[in-house]
Amino acid sequence: MATFFLVLSLALAASAIPPPPPSSRNTVFIDEQLVGQIFEVKSEEITDLATRSTSQYRLPTTTRPIHYDVLWIVEIDQLTYSGTVEITLVATQANVQEIVLHSKDLDITSLRLLRGDTVLVQGLGNMVADVELEFLKVRTGAALEYNATNPVQYTLQFGFIAELRKDMAGIYRSWFRNSYNESVSWMATTQFQPTSGRTAFPCYDEPSFKATFSIRIRRPTGFKSWSCTRQNTTIVNVTNGFDEDVYSITPTMSTYLIALIVAKYDTNKTPEDGLLKYEVIARPGAMGKNQSDYAFDVGQKLLDNMSQHTAMDFFSQSPNLKMTQASIPDFSAGAMENWGLLTYREAYLMYDPEQTHDQAKQIIAYILSHEIAHMWFGNLVTCDWWGHTWLNEGFARYYQYYLTHSVEFEMRFDIRFITEQVHTSMLADSADNHPLSNPNVGSPSDISNMFSTISYNKGAAIIRMTEHLLGTDVHTQGLRDYLKNNSYKTVVPSDLSQTLHNAAVQAGAISEYGTNFSVVEYYKTWHDQPGVPVIYVDVNHKTGDMTITQRRFDINTGYARVNYNWQIPISFTTASTVNFTDTKPSHVLTSTVTVVNRGTVGDEWVIFNKQQTGYYRVNYDDYTWNLIIVALRGADRTKIHEHNRAQIVDDVLQFARSGLMTYTRAFNILSFLQYEKDYAPWVAAMTGFTWIRNRLVGSPLLARLEGQIIRWATPLMNELGYTPISGESFIRSYLRRQIAPVMCNMGVEACRTSATTQFRRLIDDQLEVAVNNRNWVYCNGLRASNNYSDYATMWKRFIEHNVYTEKIVLLQTLGCTPLERALNELLTSLVKDNYEIREQDYSTTFNTALTGNEGNTQIVWNFIKSNLTDIENAFGSVSSPLRSVAARLRSTEQITEFQLWLNQTQADLGDAYTSIYRAAESARNSLAFADQIQNDLDNYLTNGDDNIGPSTPPPDPIVDPPTVPRPDVTPPPTPDLPGSAMTAAVSIIVVAFAAITNIIV
């Protein structure tokens, strides 16, 4: 492969790079900043903690736990728990006179510090709680003895008591029914990640403080318990009405991975007798109709495949480990990788082939894969601090797709990774966001914000790019070495990159990139720097020279004001030498401007970033774009890989949004969609089109734009149809599920007629709708109905149905009714105290009611105005519900009316007022943006496609853009041993909107 780089360092007056739009331009509006959206504002805290450094939230490393003995006593009838913990610890330096660990919301009932059998400290007067930092500080009296070669062990004992929490964190309560007319049953379950272990027992609640755990669970007779390891024994009637389950010692692990469940649950396990290996547990009502079978079968396949891939069998990680997959009725996180006791929302684990659609089935498969991958990446080898969350979550998200692809090939996760991970991460990364590795993480709020699209999606995309850079075999061997070298330890990014570098050097996998190329330095440019690069390729078709300029892409202004220099692996192919299969990069760009010869001359298209394996966007000179347009409109279209056609769609839509390209030019390129039948390009297109349509709601241009989209999409829908086709592939059915709702939403008669016909058969004749059609059939059937009884029938179906995946579909569609009475009843069910809709589903239900029809916005707003206190109690704040309403305002008159009401209600809104008012201003800015792009869109919709056919132009001169040095990322130091309890005035108001989340931890 070519290895010669011609690096230009020119200072010329002109530039071939398209000029950026004005720096004041903004394209991120309130509808993309809501909960669950791409630019979600994770925290709306109002804080005066400016004097707090990130390091002050970190535990001092002056002591370290070795082992915990924990007893939890769970009293379901009282909805409380209590217990004791004995922590074996050592000093890590001399003159330690205070032990600092975490505790939050616990009533500490006893305290002792021992050395052997000798009591050194006893009584609660020897501890001080720092509520703000969630620290518990224990005075040791005399200094702890320090011996580096033969550490002296101490035992710190606590007794504690607390209520089972209501916020789905720590040890919390959850309710269920086994049938709709059965009384409510209670259970206890856990969610400790990232900082809630401290609410369950006093502990060193940071990932780097790994230890072993011996766990006992005392629970009411008649209940069962589960924890991370196999149960050793049960002590019957250890106290009156309570049995105690004793569990085997855990592997060395972080506190956030501990879990327990106390419930009246059933199990599907293997083997039936003997040493437990694998099981699925759930409420008895969810185990009916073999709902656990899919997770039971596919989960074992995934576990076996991951064991083979890592060359490290899961059961070899600890002799006491087993694999329990647990279905939890109430679960905010979605799923959690507790070592040996994995927990999931019921909809993400239980599957009924007659009632569960394919989207839910694939969610079950890939969430199982995600959590199973964590057994190695996250549990066995753990990020040293939450500033490197991507070392856990990036790998889990990567295997979520590619491990699942190895087991469930028909679901085509290899194709979907492009649109679902690469495209979403590049969009999120194109505005102000944190880098993969973020040194400025300290508070629990900061930590929660690291569980983001960047850590998950971008982390996975960079891992995939590195795999193609090194080659799959070398990358796999490097990862095996990484796991082996760091088992039961914590890591920083250099531990990963250095191991991969060593494997690459040994295999000769990076020799073509020059003797100075280092995987460590390459990786630093990706995990220490925020943002996504865009490369501009200017091709001299006479000589074959391609001048490549890298810049940082900005979704608002095209190019960012501050540029970085990445080490970008590039690959390309041409019309005369088509090869999209070999994705090994031919070059690694290390300079802002580089010249590479493509190896051919003459007028022919060139496509960079084969199969979009690299994490960067690609823009071309006008003439090269013309050649690509001709190819896409003609017979060469299918020669260009599906992934790259999707890449082109996503890139040009974002270029137009950011101002780097006109919409006229972008739509000329996108005109090939009228011939397109494959999954990835169309999903990318509909995502981009939806964003533009949202800008134009209320504008007469919307109908014309939708007419154009319909003309392009109709040939595809004529082929797919609106009813399932016997024997069709998963991916074709999945494509229909994604495109059909948009066609109905745009008013396509064939779609709406099909929906209402299928809906009426359900209502009138009790003929079930095909499971993969229910999302759009239910919604459009209700939209078309002015009969309250139709809504009542569907609500009754929700109440009585016992398959949670179907209940979720109903919650996602009930709000499509246009009837004010029905919508008010649906919203009332959210804010009243009942056991109908779970708190984790409040956001889904509310948003469907708000967005089900354009007319629903006023109805929902009126409901909020009449029930402001109830809304605040249900959602924790009125901020997010009202910000969501603001996102639906479609005219300046509506926005003005909304803001006037905000001003009149400011006293009742309190601290939420400012964020809601700003949301309305963002809606106003969206209208202004729509005005800015109308002429551009009108030009294309009026004049249609350009007739492409210019002659080869001469190359333009290039200006080398300035860059700033990569940030020097140094983790903040942990504090020295505090001399006394710290005090500070703090005022933190957390504005939280309970929502269903797509993040899987």
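A few remarks follow.
- Taking residues in region 915-926 that are without any contact (Cβ under 8 Å) to a residue 60 or more places away in the chain, and partners anywhere that are hydroxyl-bearing (S, T, Y), the pairs with Cβ atoms closer than 7 Å and at least 6 places apart or on different chains are I916/S879; R924/T892.
- Matching residues, region 39-70, being part of a strand (DSSP E or B), open to solvent by 10 Å² or more (accessible area, probe 1.4 Å) and modelled with pLDDT of 95 or more: R64, I66, H67, D69
- Qualifying residue in region 427-445 (condition: of a type in the set (D, E), touching a Pro at 6+ places or on another chain (Cβ under 8 Å) and modelled with pLDDT of 95 or more): yes
- Residues considered: K484, K458, K524, K489. Of these, the only one that is under 21 Å from the mean Cα position of the chain (by Cα) and basic (K, R) is K458.
- Helices (runs of 4 or more DSSP H) (entirely within region 471-556) containing at least 2 residues that are touching a residue at least 60 places away in the same chain (Cβ under 8 Å) and of a type in the set (F, W, Y): 519-527
- Residue match in region 313-332 (condition: open to solvent by 30 Å² or more (accessible area, probe 1.4 Å), touching a residue at least 60 places away in the same chain (Cβ under 8 Å), part of a helix (DSSP H, G or I) and not small (G, A, S)): no
- Residue in region 429-441 that is more than 12 Å from the chain's Cα centre (by Cα), free of Cβ contacts under 8 Å to residues at least 60 places away in the same chain and part of a helix (DSSP H, G or I) present: no
- Any hit, region 142-164, residues being within 40 Å of the chain's Cα centre (by Cα) and not in a strand (DSSP E or B): yes
- Residue selection: A360 satisfies the criterion of being of a type in the set (A, V, I, L, M, F, W, C) and over 27 Å from N232 (Cα atoms).
- Residue in region 641-648 that is of a type in the set (A, V, I, L, M) and under 21 Å from L927 (Cβ atoms) present: no
- Among helices (runs of 4 or more DSSP H) entirely within region 590-674, having at least 3 residues that are surrounded by fewer than 20 Cβ atoms within 10 Å (Cβ to Cβ) and either β-branched (V, I, T) or at pLDDT 95 or above (or both) singles out 622-633.
- Those residues of region 763-773 which are part of a helix (DSSP H, G or I) and surrounded by fewer than 20 Cβ atoms within 10 Å (Cβ to Cβ), in sequence order: I763, D764, D765
- Within region 910-935, being in contact with an Asp or Glu (Cβ under 9 Å, 6 or more places away or on another chain) and either of a type in the set (A, V, I, L, M, F, W, C) or assigned to a helix (DSSP H, G or I) (or both) holds for A912, S915, S922, A923, S926.
- Residues that are among the β-branched types (V, I, T) and either part of a loop (DSSP other than H, G, I, E, B) or open to solvent by 10 Å² or more (accessible area, probe 1.4 Å) (or both), drawn from region 348-394: T356, I363, T389
- Filter result for T499 (in contact with a Cys (Cβ under 8 Å, 6 or more places away or on another chain) and open to solvent by 10 Å² or more (accessible area, probe 1.4 Å)): no
- I447 meets each of the listed conditions (1) buried (at least 24 other Cβ atoms within 10 Å of the Cβ); (2) of a type in the set (A, V, I, L, M); (3) in a helix (DSSP H, G or I) apart from (1).
- Scanning region 528-583 for residues being under 28 Å from the mean Cα position of the chain (by Cα) and charged (D, E, K, R) gives a total of 5.
- Evaluated against (1) of a type in the set (S, T, Y); (2) within 30 Å of N775 (Cβ to Cβ); (3) open to solvent by 10 Å² or more (accessible area, probe 1.4 Å), S884 falls short on exactly one condition, (3).
- Residue within region 860-873 that is crowded, with 16+ Cβ neighbours inside 10 Å, among the aliphatic types (A, V, I, L, M), in contact (Cβ under 8 Å) with a residue 60 or more places away in the chain and not in a loop (DSSP other than H, G, I, E, B) present: no
- Among residues of region 101-156, those that are open to solvent by 20 Å² or more (accessible area, probe 1.4 Å), aliphatic (A, V, I, L, M) and in contact with a helix residue (DSSP H, G or I) (Cβ under 6 Å, 6 or more places away or on another chain), counted: 0
- Considering region 812-831, the residues that are among the aliphatic types (A, V, I, L, M) and in contact with a Phe, Trp or Tyr (Cβ under 7 Å, 6 or more places away or on another chain) include one that is nearest to N745 (Cα to Cα), namely L814.
- Residues within region 73-100 that are more than 24 Å from V119 (Cβ to Cβ) and either touching a Pro at 6+ places or on another chain (Cβ under 9 Å) or open to solvent by less than 50 Å² (accessible area, probe 1.4 Å) (or both), tallied: 7
- Enumeration of residues in region 573-589 that are buried (at least 19 other Cβ atoms within 10 Å of the Cβ) and either assigned to a loop (DSSP other than H, G, I, E, B) or in contact with a helix residue (DSSP H, G or I) (Cβ under 7 Å, 6 or more places away or on another chain) (or both): T573, A575, T583, P585, S586, V588
- Every residue from region 715-762 that is closer than 25 Å to E354 by Cβ, open to solvent by less than 40 Å² (accessible area, probe 1.4 Å) and not in a helix (DSSP H, G or I): G721, Y722
- Meets criteria (open to solvent by 10 Å² or more (accessible area, probe 1.4 Å), hydroxyl-bearing (S, T, Y) and modelled with pLDDT of 95 or more) for T267: yes
- Listed by first and then second residue, the pairs with beta-carbon distance under 6 Å, at least 6 apart or on different chains, first residue in region 701-730 and in the same structural domain as R774 (by the TED database) and closer than 18 Å to N775 by Cβ, second of a type in the set (D, E, K, R) and surrounded by fewer than 19 Cβ atoms within 10 Å (Cβ to Cβ), are F730/E410.
- Test: E98 is of a type in the set (D, E), in a strand (DSSP E or B) and within 27 Å of R216 (Cβ to Cβ): no
- Strands (runs of 3 or more DSSP E) completely within region 225-311 that count 1 or more residues being outside the structural domain of W72 (by the TED database), of a type in the set (S, T, N, Q) and within 30 Å of S406 (Cα to Cα): 266-270
The values are calculated or read from the model by the stated rules, or taken from the named source; none is laboratory data. Just so we're clear, the structure is a prediction, and the values are computed from it rather than from any experiment. Ideal geometry is used to build each Cβ from the backbone, glycine not excepted, and the neighbour counts take in all protein chains shown. These area figures cover heavy atoms from the full protein model, side chains too; ligands, DNA and RNA do not enter into them. Shrake-Rupley method; radii C 1.70, N 1.55, O 1.52, S 1.80 Å.
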